[in-house]
Amino acid sequence: MPFISKILKKERLSGFLERLVRDRQVFAPVKKGEVILIREIDSPSQVILEYRNAKESPKSVFFPQRETLFRYRAEKGRVLFGIRTCDARGLLLLDKVFGGGCSDPYYTDKRRDTVVVSLGCVEPNTACFCLSMGGGPCSAEGSDVLLLDLGDRYIAEAVSEKGAALLEDQAFEEGDEKSLSLAEKNRKKAEASMQPVAKKENLGEELERLFSEPVWKDLAESCLSCGICTYLCPTCHCFDLCDEAAGQAGERIRVWDSCQFPLFTQQASGFNPRPTVKERFRQRIMHKFSYLPETQAMLGCVGCGRCVTECPVNLDIREVVTSLSGGNAR
Ligand code: SF4
Ligand code: SF4
C-alpha cells in the first residue's frame, strides 16, 4: 500500500486525540514532576509533544517491567461429607449432563477432585420416595463412601478407589460381621418404612401419549411458576449465560435458570413456545420422566422430597406421577 500523506493542523490535534481516547488505550508523553514519561492518557491535555525525549523508553508498553504471564493455584482436594444418598445419586445425572458427550470443565474439574461421603437414611422423611425412583435410603450410588449409622458407630462402605483411599485414615477399623448384619437390618427397616409411589413402568411412553391431553391444565392449575421446585432439586440443571459489562471490562457468568419461569423459552421475536403454566409444568414432568430416561437412561427425579415439602401451593410430584400413571392421587 502506498504511503498516504496528510496534514494535521495543530488546532485539530486535541479533537483527534479525544476521539482516540474514547475507545482505545492511548499512550503518549506526559510530564510527571520534572521528567517526561510515556504513560496511558485519558485526556489530550496531558500530552506533551514539545520535549526532547522521554526518561524511559516506550518498550514497557509491549514489554512491561513486571508482567504476570499466568496464574495458578494449587487446589486442595475436596470432600462432600454427610450428604443424603438421594442427593449423591442425583450427582450421577449431573455427571451425565455435564460430563457426557460435551464435557463441561467447570463441573467436571470440581467433580473429579471431590470425594463424596453420603450418610444412609435410617429414618427417611415422610416426603421421601427414593426407593420408588430406583434408589434407596441406603443406596451407595453416586457416593464414594456410604456411612450407615449403627448407634455408637458408623459402618463405612467404600465404593470407589477415591472412597477406599479415604478409609485408609487411622480413624477407621476393620468391619465385623455383627456391624454388617446390623447395617443390613437397618437398611431393610428404612426401606420398609417408605410409602411407595404408584408409578407406571412405562411412564415415559405414557407421558408421550398424554402430551396433548387436557390433564396437564388440571395438574398445573395451582402452580405459581415460582421455580422453587427446580432450584432445590438435586438433578435440575438448567442455566443461563450472561455477559456483564462495566465500561471496557466484563465477565461472562453462568446462573441457574428454571424451566418454570415464563421467560425461560421466550424467543427474541416475542414468541414463547411455553406461554402458560400448563406447558411449563408439563415440561418439568416430561423432562424428568420421559426425556431424561430416553437420552440419559436415568430418571430426572431421585425422590429427595424437597419439591414436595417446599412447594408453596403443596403441589406434590408423587401425586402427579400417580395421577399420570392412571392411579388415584391422595
Ligand atoms: S414449587 Fe410448586 S408452585 Fe413453584 S414452580 Fe414448582 S410446582 Fe409450581
Ligand atoms: S423429589 Fe422433587 S426435588 Fe427431589 S429429585 Fe424429585 S423432582 Fe427433584
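Quick notes on this structure:
- Beta bridge orientation in the chain: antiparallel %, DSSP, nearest 5: 70 percent
- E177-A268 FRET efficiency (beta carbon distance; Förster radius 51 Å; 0.05 resolution): 0.20
- GNM top mover of R282, R52, R318 - the chain, alpha-carbon springs below 10 Å: R52
- Convex hull of Cα atoms in segment 120-210, direction-averaged projection (nm²): 7.8 nm²
- Residues E279, E123, E34, E168 arranged by fewest to most Cβ contacts within 10 Å: E34, E168, E123, E279
- The slack between I7 and T114, meaning 0.36 nm per residue of separation minus the straight C-alpha distance, is 32.0 nm.
- Of the chymotrypsin sites (Phe, Trp or Tyr not before Pro) found in segment 177-243, those in coil by DSSP whose Cβ has at most 13 other Cβ atoms within 10 Å are F211.
- Highest-MSF residue in the chain out of F16, F271, F98 [GNM, Cα springs under 10 Å]: F16
- GNM flexibility winner over the chain from S143, S269, S57 (Cα, springs under 10 Å): S57
- Here C229, C128, C242, C102 are placed in order of increasing Cβ neighbour count within 10 Å, fewest first, which gives C102, C242, C229, C128.
- Rough spin-label spacing in nm, given labels placed 7 Å along Cα→Cβ, for E206 and S193: 2.9 nm
- The E221 and D95 beta-carbon pair, evaluated with R₀ = 41 Å, returns a calculated FRET efficiency of approximately 0.70.
- Taking the longest Cα principal axis of the chain as reference, the axis of helix 277-286 is set at about 70 degrees.
- Computed over the chain, Kirkwood Rh from alpha-carbon pairs, angstrom: 25.4 Å
- Relative to the longest principal axis of the Cα atoms of the chain, helix 177-192 runs at roughly 90 degrees.
- Segment 10-61 pair-distance distribution - Cα-Cα, 5 Å bins, rounded %: 4, 21, 29, 23, 17, 5, 0
- Taking Cβ atoms as reference points and 12 Å as the exclusive limit, the residues near I38 contribute a net charge of +3, counting Lys and Arg as +1 and Asp and Glu as -1.
- For segment 1-148, the direction-averaged projected area of the alpha-carbon convex hull comes to 19.2 nm².
- Computed across segment 203-324, the Kirkwood hydrodynamic radius from all distinct Cα-Cα pairs reaches 15.6 Å.
- On Cα atoms only, tilt of 85-99 relative to the major axis of the chain in degrees: 40 degrees
- Net charge of the neighbourhood of V255, taken over other residues with C-beta under 14 Å away and scored Lys/Arg +1, Asp/Glu -1, is -3.
Each value in this text was obtained by applying a stated rule to the coordinates, not by laboratory testing. None of the values given here were measured: they were computed from a predicted structure. Note that each Cβ is placed from the backbone with ideal geometry, even for glycine, and that neighbours are counted across all protein chains shown.
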